[in-house]
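Colleague: What follows is a structure written as structure tokens; I'll ask about it next.
The values are calculated or read from the model by the stated rules, or taken from the named source; none is laboratory data. Quick caveat, the model's predicted, so the values are computed rather than measured. Here the Cβ positions follow ideal geometry from the backbone for every residue, glycine too, while neighbour counts run over all protein chains shown. The accessibility values were calculated without ligands, DNA or RNA, using every heavy atom of the protein model including side chains. Shrake-Rupley method; radii C 1.70, N 1.55, O 1.52, S 1.80 Å.
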Amino acid sequence: MDQVAEGIDPNVLRLEIAILWNNKAWAGLRAAASQGFSQVARPLEALLTILEGCAAYKKPADLKQRVLLEFQQWLKDHPQVSLASLPAEQALPLRQRALELVTERLPGVANPIIDIYQLRLMEPAALTQHVARLKGLSLHCEAATFSVKMGLQLALDMEDMCIPLLLQDKVTLAESFVYGHPHLELRLVTLLDSWCDPRTTQDFLSGMYPDLVLSQFHINQLTSKVLSKHVFRLIGKFNIDPALCHHSVHMRKKGTLRFLMEKRFKWKDIDEENWSDHTKAIIADDPEMQIYLDALLTNYTSSKHAAQLSRMFRDGPNAQKSCLNATPQEWAVPKHHSDRYYQLPISRDNIHFLGTVEDLQQCRELVFKEGGTVGVDMEWRAGFGCVVPQRVALIQLAVLDQVFIVDMCSADLWQHPSTLDFMKSFLCDTKVRKLGYDLGGDLKYLQTTWSLPEPLKMARVLDLHSVHQEIKRLKVKRTAEKGLSQLVQHVLGKPLDKREQLSYWERRPLHQSQIRYAASDAFCLLEVFSAVGREPSRYGLTPEKLAV
């Protein structure tokens, strides 16, 4: 080791550093520290003496960080100063003293001490004893932080470590404690879910650790509404089966049923068919949800009507006609609809519903046609009531006078490797122009559907959302429409009929109105692009804005 036989007293060096610290003489402090560490007889022991004395000065944690920073800088020129060069009987007492100093969560204090004194080489019993000492001082956050740094999670009780953190709204720290240990991740999430039980009160939770001083803010974070949000976030992060979180799932389902009741019976902005589809999906075969629905129905409609609806949900869905077949009368729309909304200019026969890998391959020639243009859109289940990440239900590809609707609810199709390969090739094909509207949102859900680490790459894509933003800079007539529907109205004269936007896209078979909606959303992109391309200056655009 680099040491001086007759070195200066570490306490003298500590005093000199402290004076410079108080005077904010940073250059002088650095010089004094560098020179001083070279002059003390035993630098590692001297560092501990200086750190132990920092408590007597203002901002002791900051002072410790500065001393450790200067020591680490000094070590770069004195690599021979290492605990590894000391005999075990000399190194152990230094490690024990260093361990006593690891009480702050500040990385600038804890991390250097752990590294300089090689605390990870200590016996696990000594480290867990230090954790217990920190918890005995009510330093629960510091105890958890130290445990994670030292990898002690499996040697400690998860509930004892994490409950005080959760009570203090330190959920992120609790996540760090269990991260990478699936059984601990599951225990943390199910613990939070148990707190969402209606019988669990805030008083009970706040009284679990009487030594904790909880503010009103902390207590307000212990409501089932807040806690269930953490549960669902962690379900996604840790890939946990939602069925294991009964209380949170039921709470969300009940909230969604109340929302659907308001939409159907109060706001009246959802038709009975779509309302029924969403409600059935939430109830499924859950008797508790059926009972809750029955209670809600009596509050929103007459007893007779409530009884009829209850029987309908208990009896299950009626047989539905396949969406693959529709008579001209069934496909036709009333005149008042055609007068008001954009109309799909192709026949039902030119809309193809693809449910197999073989079906998908049959459209390849048209979709991948060199120099072609394809309108791309996707549909997914509305977000309300979802207890699992939303998945794409349909992918619509519009070409020339045809629309292909890819059924992503068909397991044989979306789970087949060739389907993902098809979409990757299509989106990256530089010979085909792709049109979308806010396509990034579609691809985000497609990424979730296939559990991809990153979004699919795209080439030669024109997002008409950006074109729409340019058009809106003109003094066009303001309308109640939004998004793509507004763009279609500005360019083609009539808005889209968006009544099916929040329909239940995972139902099979689809309604004919859903087929029409899905096909229209993709095909209208081709018509908008064509109209704007013919007269770009009319919409305040240059040809370059449309070039891809």
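Colleague: Taking Rh as the Kirkwood radius computed over C-alpha pairs, what is the Stokes-Einstein D of segment 1-121 at 10 °C in a medium of viscosity 1.306 mPa s, expressed in µm² per second?
Modeller: In µm²/s, the coefficient rounds to 110.
Colleague: Can I ask one more? If you wrap a convex hull around the alpha carbons of the chain, what volume per residue comes out, as a whole number of Å³?
Modeller: 240
Colleague: Follow-up. Note down the accessible area of V387, probe 1.4 Å, to the nearest 10 Å².
Modeller: For V387, the solvent-accessible surface is approximately 30 Å².
Colleague: Compare the Cα positions of H140, A55, I515 along the charge dipole of the chain (+1 at Cβ of Lys, Arg; -1 at Cβ of Asp, Glu; about the Cα centre) and return the one farthest towards the positive end.
Modeller: I515
Colleague: Also: Where does segment 231-333 land on the Kirkwood hydrodynamic radius, alpha-carbon pairs, in angstrom?
Modeller: Numbers: mean 1/r = 0.0636 Å⁻¹.
Evaluated over segment 231-333, this radius sits at 15.7 Å.
Colleague: R0 = 56 Å: FRET efficiency of D438 with L15, Cβ-based, nearest 0.05?
Modeller: For D438 and L15, the calculated efficiency is 0.30.
Colleague: In the chain, with Lys and Arg counted as +1 and Asp and Glu as -1 at Cβ, which of these residues, S347, G493, S34, has the Cα nearest the positive end of the dipole, that is, farthest along it?
Modeller: Checking the options against the dipole of the chain, the answer is G493.
Colleague: What's the local net charge at L435, with K and R +1, D and E -1, over the other residues with C-beta under 13 Å away?
Modeller: -3
Colleague: Listed highest first by mean packing, meaning other Cβ atoms within 10 Å per residue, what order do 527-533, 392-398, 410-416, 485-491 come in?
Modeller: Highest to lowest by the protection proxy: 392-398, 485-491, 527-533, 410-416.
Colleague: Averaging sequence separations of C-alpha pairs under 8 Å and six or more residues apart, then dividing by the length of segment 156-232, give the relative contact order as a whole percent.
Modeller: About 36 percent, as a whole number.
Colleague: Between segment 438-471 and segment 98-137, what is the C-alpha centre distance in whole Å?
Modeller: Spelled out, the Cα-based centre of one part sits 47 Å from the other.
Colleague: Is segment 410-454 best put as rounded, prolate or oblate by its Cα gyration tensor, with a ≥ b ≥ c the root eigenvalues, rounded for a/c under 1.5, and otherwise prolate when a/b is larger than b/c, oblate when not?
Modeller: It comes out oblate by the Cα gyration axes.
Colleague: With 30 Å as the limit, write out which pairs from K229/K266; K457/K482; K170/K263; K280/K477; K24/K149; K369/K457 have Cα-Cα distances beyond it, or answer none.
Modeller: Pairs exceeding 30 Å: K170/K263; K280/K477; K24/K149.
Colleague: Using the crude model of +1 on Lys and Arg Cβ and -1 on Asp and Glu Cβ, and no other charge, please compute the dipole size for segment 343-458 relative to its Cα centre, in debye to 20.
Modeller: In total the dipole reaches around 300 debye.
Colleague: A further question follows. If the chain between K472 and D286 were fully stretched, how many nm would it gain, using 0.36 nm times the residue separation less the Cα-Cα distance?
Modeller: Here the segment from K472 to D286 would lengthen by 62.2 nm.
Colleague: I need the calculated FRET efficiency for the pair Y209 and Q35, taking r as the beta carbon distance and R₀ as 60 Å, to the nearest 0.05.
Modeller: Working from the Cβ atoms, E equals 0.80.
Colleague: Report the full-extension gain for the segment S537 to R314: residue separation times 0.36 nm, less the Cα-Cα distance, to one decimal in nm.
Modeller: Contour length minus Cα-Cα distance gives 74.4 nm.
Colleague: Can you tell which of L186, Q72, Q90 lies farthest toward the positive end of the dipole of segment 54-187, using +1 and -1 charges on the Cβ of basic and acidic side chains (Lys, Arg; Asp, Glu)?
Modeller: Q72
Colleague: Between E273 and L137, what's the calculated FRET efficiency when r is the beta-carbon distance and R0 is 51 Å? Round to 0.05. If you can, show how the numbers build up before the last one.
Modeller: Details: r = 62 Å, r/R0 = 1.22.
The pair E273/L137 has a calculated efficiency of 0.25.
Colleague: Something else about it: Any chance you could run the full-extension gain for S451 through A84? It's 0.36 nm times the residue separation minus the Cα-Cα distance, nm to one decimal.
Modeller: 127.5 nm
Colleague: Right, here's the next one. Treating only the Cβ atoms of Lys and Arg (+1) and Asp and Glu (-1) as charged, compute the dipole magnitude of the chain about its Cα centre; round to the nearest 20 debye.
Modeller: That gives a dipole near 1840 debye.
Colleague: Taking N as the number of residues in segment 168-252, what is its Cα Rg relative to 2.2 N^0.38 Å?
Modeller: It is 1.06.
Colleague: Find, to one decimal place in angstroms, the Kirkwood hydrodynamic radius of segment 489-538, where the mean of 1/r is taken over every pair of different Cα atoms and then inverted.
Modeller: 12.4
Colleague: Which value, in Å² rounded to 10, gives the accessible area of T448 with a 1.4 Å probe and all protein chains present?
Modeller: Ignoring ligands and nucleic acids, T448 comes out at about 60 Å².
Colleague: Which semi-axes, in whole Å and largest first, does the equivalent ellipsoid of segment 396-533 have when worked out from the alpha carbon gyration tensor as the square roots of 5 times its eigenvalues? Intermediate results must be reported in sequence, preceding the final value.
Modeller: Values: eigenvalues 142, 73, 37 Å².
In descending order the semi-axes read 27, 19, 14 Å.
Colleague: Magnitude of the Cβ-charge dipole of segment 414-548, K/R +1 and D/E -1, about the Cα centre, nearest 20 debye?
Modeller: 420
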